Amino acid sequence: MPKLLKKGIILDPRAYFQEEKDILINEEKIIKIADSIEVNELREKYDSSFLDKLEIFELEKNFVLPGLIDLHTHLREPGYEEKETIRTGCEAAAAGGFTQIACMANTKPVADNPATIEFIKSQSRKAAVKVWPVGSITKDMQGENLAEIGFLSKAGVKAISDDGKTVMDSDIMRRAMEYAAGFNMLVIDHCEDLNLVGEGVMNEGYYSTILGLKPIPAAAEEVIIARNIILSELTDCPIHIAHLSTARGVEMVAEAKEKGISITAETTPHHLILTDKAVVGYDPNTRVNPPLRSSEDREALRQGIKEGIIDAVATDHAPHTFEDKLGEFDQAANGISGLDTSLSLLYDRLVDENILNWSELLEAMVYKPAEILKLQEPGIREGKTADLAVFDPDKKWKIESKALKSKGKNTPFLGEKLKGKVKMTLVDGKLVYDNRGGQNEIIY
Ligand code: DOR
Ligand code: ZN
């Protein structure tokens, strides 16, 4: 169905920025962008069947963004469908303004083989957004033997990661990087020295002391980042640091980049917004891996995004069941459900507060993720694929579990009031999410 989006304010940091334009979409592409596109003038160029089908959307005062791309989500299927399915995770993505997501390999079975990748791809074909499955680095994510990296590449996998766990054996990591480089694949590492973590459950510092919870030092993350930088230099394989959370980590990534090492990094909305102070009250929904860090770390992450040292913001959407998060803090599963709420949270808490600007945010949530995963170049220009999100910056709403499309209601932001909500999401020119009347609807 052709579509005409009227009077939206385009926010594309590399094309039109803060410009009110009309956008004409046909099939999966943006075919025209102009100050004003009138139906009458379309009559000259298109036949009546086109015009009869044309849907018009009045978008005054709403922003039109390029569809967000999430480098890091957990869709849980196969194996943990009680936490999330590919269908529900993609619905959450669409409701959050994402049009493409990369899903991590810690499913059951682990995505260490082409058959599991094919299964994820076939389920994804029926889903609301585009899915890029990440394969694992090691078989069954046990850290002992390499996964079938060549076969994974053949199956269309663009990146490998044992995310959720570090590859602790540095020799295995070296071999993985040598293989991956040969297949032009990205290696994404979850950086956490398990010996330094021990039985830790939250960031080491003032709050772990007063709360009496076992600590995880920042060094646990930093030691593995350092190792990965050294191995990237040795193997000439690009390395991507998942959910970077410490100030020292940001410094190390900056130094490595200066040296010309092929390193990229992401951080998460929760690490940019919260600190370990949020754990006061022992809410199991604040338990996440890596843990929420100090306010100095948070400041360094914000600065890292501003300076482009940290390339991307990725949700690390980690849905869990109510039972997984029930009980005491140190018994709870790690993770925060994030796809539904990330954009609204980042807008309300950071952009609207002048901590980050739209341009920085969209570089980190659209362009850089596309570059890192070597996807088609996104953007709101004529000829581009119509992957778009419409965002209403004035819409006030409250995060309630029933409003979340994800099965995972595990977010520390439950009950918070926000300004700014996704109104529509288009994937390949098709409306997949519609909240114009507040109906919060996914369209298949
Ligand atoms: O908090 C987390 N949850 N961090 C991870 O690295 C894994 C994830 C999960 O799979 O639940
Ligand atoms: Zn993760």
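Compare the Cα positions of G156, S124, G143 along the charge dipole of the stretch 117-156 (+1 at Cβ of Lys, Arg; -1 at Cβ of Asp, Glu; about the Cα centre) and return the one farthest towards the positive end.
S124
Just to confirm the filter: which trypsin sites (Lys or Arg not before Pro) across the stretch 173-272 are DSSP coil and have at most 11 other Cβ within 10 angstrom of their Cβ? Provide the component values of the computation, followed by the final result.
Numbers: sites: R174, R175, R227, R248, K257, K259; in loops: K259.
In loop regions of the stretch 173-272 (DSSP not H, G, I, E or B), the sparsely surrounded trypsin sites (Lys or Arg not before Pro) are K259.
Taking a threshold of 18 Å on the Cα-Cα distance, which of the pairs K130/K384; K257/K306; K21/K130; K396/K421; K83/K402 fall above it?
Exceeds cut-off: K21/K130.
Restricting the calculation to Cα positions, tell me the Rg (one decimal) and the Dmax (whole number) of the stretch 340-388 in Å.
12.4, 35
Given the rule -39500 (n - 2.57) for each run of at least 4 DSSP H residues, summed and divided by the residues of the chain, what is its mean residue ellipticity at 222 nm, to the nearest 500 deg cm²/dmol?
-8000 deg cm²/dmol
Just to be sure I understand: if I project the alpha-carbon convex hull of the stretch 177-264 onto a plane and average over all orientations, what area do I get in nm²?
5.8
Please build a GNM for the chain, connecting alpha carbons under 10 Å apart, and tell me which residue among S245, S401, S36 fluctuates the most.
Evaluated over the chain, the most mobile residue of the options is S36.
I'd like the GluC sites (Glu not before Pro) in the stretch 351-427 restricted to DSSP loop residues with at most 15 other Cβ atoms within 10 Å, sorted by number.
Answer in residue order: E353, E382, E400.
Compute the separation of the alpha-carbon centres of the stretch 22-90 and the stretch 93-120 and state it in Å as a whole number.
Result: 22 Å between the Cα centres.
Check which residues have an amide H placed less than 5 Å from D163's amide H, if you skip close sequence neighbours.
A105, H190
If one computes the Cα centroid of the stretch 274-293 and of the stretch 191-243, what distance in Å separates the two points?
16
Find the percent of Cα-Cα distances in the stretch 310-395 that exceed 20 Å, and round it to a whole number.
Working: 1850 of 3655 pairs.
Across the stretch 310-395, Cα pairs with separations above 20 Å total 51 percent.
Please report, in Å, the Rg and the Dmax of the stretch 255-335, where both are computed over Cα atoms only.
Reported Rg and Dmax, both Å: 14.9, 47.
Return P(r) of the stretch 55-153 (all Cα-Cα pairs; 5 Å bins starting at 0; whole %; ordered from short to long distances).
3, 14, 22, 21, 15, 10, 6, 4, 3, 2, 1, 0
With viscosity set to 0.890 mPa s at 25 °C, what whole-number translational diffusion coefficient in µm²/s follows for the chain from Stokes-Einstein and a Kirkwood radius over Cα pairs?
111
For the stretch 302-316, in order, what is each residue's ³J(HN,Hα) by Karplus, 6.51 cos²θ - 1.76 cosθ + 1.60 with θ = phi - 60°, in whole Hz (x at glycine and Pro)?
My calculation for the stretch 302-316 gives 4, 5, x, 5, 4, 8, x, 6, 8, 6, 9, 10, 10, 6, 6 Hz in order.
Check which residues have an amide H placed less than 5 Å from K29's amide H, if you skip close sequence neighbours.
Amide H to amide H, under 5 Å and 5 or more residues apart or across chains, K29 pairs with A386.
Which of K130, K402, K139 moves the most in a Gaussian network model of the chain with Cα springs under 10 Å?
Result: K402 has the largest fluctuation of those listed.
Under a 5 Å amide H to amide H cut-off, with H placed in plane at 1.01 Å, what residues pair with V131 once short-range neighbours are removed?
Amide H neighbours of V131, under 5 Å, 5+ apart: I101.
FYI, it's all coordinate maths here, none of it is from the lab. Predicted model only: the values in this text are computed from it and were never measured. Because the Cβ atoms are built from the backbone with ideal geometry, glycine has one as well, and the counts that use them run over all protein chains shown.
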